[in-house]
Amino acid sequence: MPCHRRHLSPSRPLEPKRCRRKSSHDGALPMKRRQFLSLTTAALAAPTLFVRRANAAEPGAPLPVPEVMDVGPGSGNNLEAIRSTREFVAGVRSDTLGYSQDYLGPLLRFRRGQTANIDVTNRIDAPITAHWHGMHVPGHLDGGPQLAFGPGETWSPELPIDHPAATLFYHSHVHGRTADQVYRGLAGLIVIDDPDIDDPLPRDYGVNDFPLIVQDRSFDGAGRMTYDIGMMDLMQGFHGTEILVNGAIRPKLTVPAGLVRLRLVNGSNARMYNFSFTDGRTFHQVASDGGLPTAPISMTGLRLAAAERAEIVVDFSDRAAVRLVSTRGGSGMMGGGMMGNSGMMGGNGGMMGGGAEGSPLEILSFEIADARNPGPARLPEALPAPVVDLGEPVRRRDFTLNMHAGNMMGSMLNNLIGRDGQIMGINDESYDMGRIDLQVPHGETELWRINADMAMHPFHVHGTSFQVVTQNGRSVDPARIGWTDVVHVQGPTEILLRFDKRATADAPFMYHCHILEHEDAGMMGQFTVL
Ligand code: C2O
Ligand code: CU
Ligand code: CU
């Protein structure tokens, strides 16, 4: 059945006609099986696919809480990549992309031990993918660049969920377009539940358990979201002038007193955050990228590089109205590139959350409600962390992240003009979809040594979680970091990993810098696991 290129205007209703790649259950368009759980915001109960959250446009508006889509076996779980618009700033529509929403996508919830079927339909005018970032699935289900599918097509992977409880993330991963598509909204959150562990943490979604996708975006003088990258953005990664949480500018979250779990996802293209609370309060990290550590880790500040996740539990028993903030710098070369010339910087303290260089970035403010908190009153001493002993590595590999692969000046100019040049690379080679860079044997523990010749880069590996062994020559306590799939590389960094899922040459796994501008410019490689 041929697939036709179709251009859908955002207001045009979705059509049931669909083309499939891997057809498992053609036929009538099934009903959506989405569940609305414990939702506190009235807007979330809207019955349509395109939820307009009317209040999300102003700073201080309530935090939008993503809808939950329980993805299990069988048909009926649909994600549709669409073009849409959203009023980030009241009265001003910005062009956006989303998975079944005007911006971002629903929270996908999977259960360990199940097989999950999901149909992802492309209703935009460019190829997309759906990459399940952090999930342990074989290469042909991973949603990497080779699995791009075109307008009108549906991709229907069947995902064996074999992953410990964790907060993951999904996003488009088309080579050369990832930064732009993710920026416009093709990303969302994944939660893996493990029915075999007794989660001792707050877990009433929308009540004491909230996802927070933190992103920085820029807006023009009229309030429209913009993504214009120049040479500097390319080199240091894009840094926006506004902070969005779940698609709303610096929103407010109402929580009950007591313990509240926040699932933080750094969904920014490049920015690194150093999160803390305005009163300097202590909080506890209860999960990293790959899931639970062996015990809650107490801290007052949390650093998250692009694509990293962390779950934290915060105690609001004192009912103080605090704010979550971040330092501005920390992104490497240029201290965050906050030199926005947006017309919105003026006026009422500016769109940046009011403040000069050096003052913290405002992320989210909290208000304490009188509602009952159904969760636990105290944190457990230990957590049911997944125990995996990787043993000793049987080989080691070296990776150097380069800012100048190939003929830099020439290709940089091409890049700025045509956006498809390749100026960055790994081990002096820019990413090439047709070249397999490594063949990694299945099931063998390896030590990977990663170096960066300039700046700092969040290095990500598909297909597995890993343990950080050393960072800048200092050894890291694996119990402290836990399992992860992104490591921030500033100096020599060693990670220990093993691949239990396979990837063939037609759908290999990726390793890359998760500064999306660097990734698109070629700081990526690919490998088979056989
Ligand atoms: Cu978040 Cu290669 O991915
Ligand atoms: Cu990934
Ligand atoms: Cu990088």
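Structure notes:
- Within the range 422-445, residues that are within 17 Å of residue 138 (Cα to Cα) reach partners that are open to solvent by 60 Å² or more (accessible area, probe 1.4 Å) and in a strand (DSSP E or B) with beta carbons closer than 8 Å, at six or more positions or on different chains, in the pairs 444/395.
- Residue in the range 131-141 that is assigned to a loop (DSSP other than H, G, I, E, B) and either of a type in the set (D, E, K, R) or within 12 Å of residue 79 (Cβ to Cβ) (or both) present: no
- Qualifying residues in the range 453-470 (those that are in contact with a Phe, Trp or Tyr (Cβ under 9 Å, 6 or more places away or on another chain) and open to solvent by less than 30 Å² (accessible area, probe 1.4 Å)) - the one nearest to ligand 3 (Cβ to nearest atom): 459
- Unmet requirement for residue 491, which otherwise passes all of (1) modelled with pLDDT under 95; (2) under 20 Å from residue 134 (Cβ atoms): (2)
- Which numbered condition residue 498 fails, given (1) open to solvent by 10 Å² or more (accessible area, probe 1.4 Å); (2) within 16 Å of ligand 2 (Cβ to nearest atom); (3) modelled with pLDDT of 95 or more: (2)
- Of 342, 317, all but one fail to be more than 17 Å from residue 364 (Cβ to Cβ), open to solvent by 10 Å² or more (accessible area, probe 1.4 Å) and at pLDDT below 95; the exception is 342.
- Residues that are in a loop (DSSP other than H, G, I, E, B) and either in contact with a strand residue (DSSP E or B) (Cβ under 6 Å, 6 or more places away or on another chain) or surrounded by 17 or more Cβ atoms within 10 Å (Cβ to Cβ) (or both) within the range 57-71 comprise 59, 60, 61, 63, 64, 65, 66, 67, 71, listed in sequence order.
The values are calculated or read from the model by the stated rules, or taken from the named source; none is laboratory data. Remember, it's a predicted structure, so these values are computed and weren't measured experimentally. With ideal geometry, Cβ positions are generated from the backbone for all residues, glycine too; neighbour counts draw on all protein chains shown. For the accessible areas, the whole protein counts, side chains as well, though only heavy atoms, and no ligand, DNA or RNA atoms are used. Shrake-Rupley method; radii C 1.70, N 1.55, O 1.52, S 1.80 Å.
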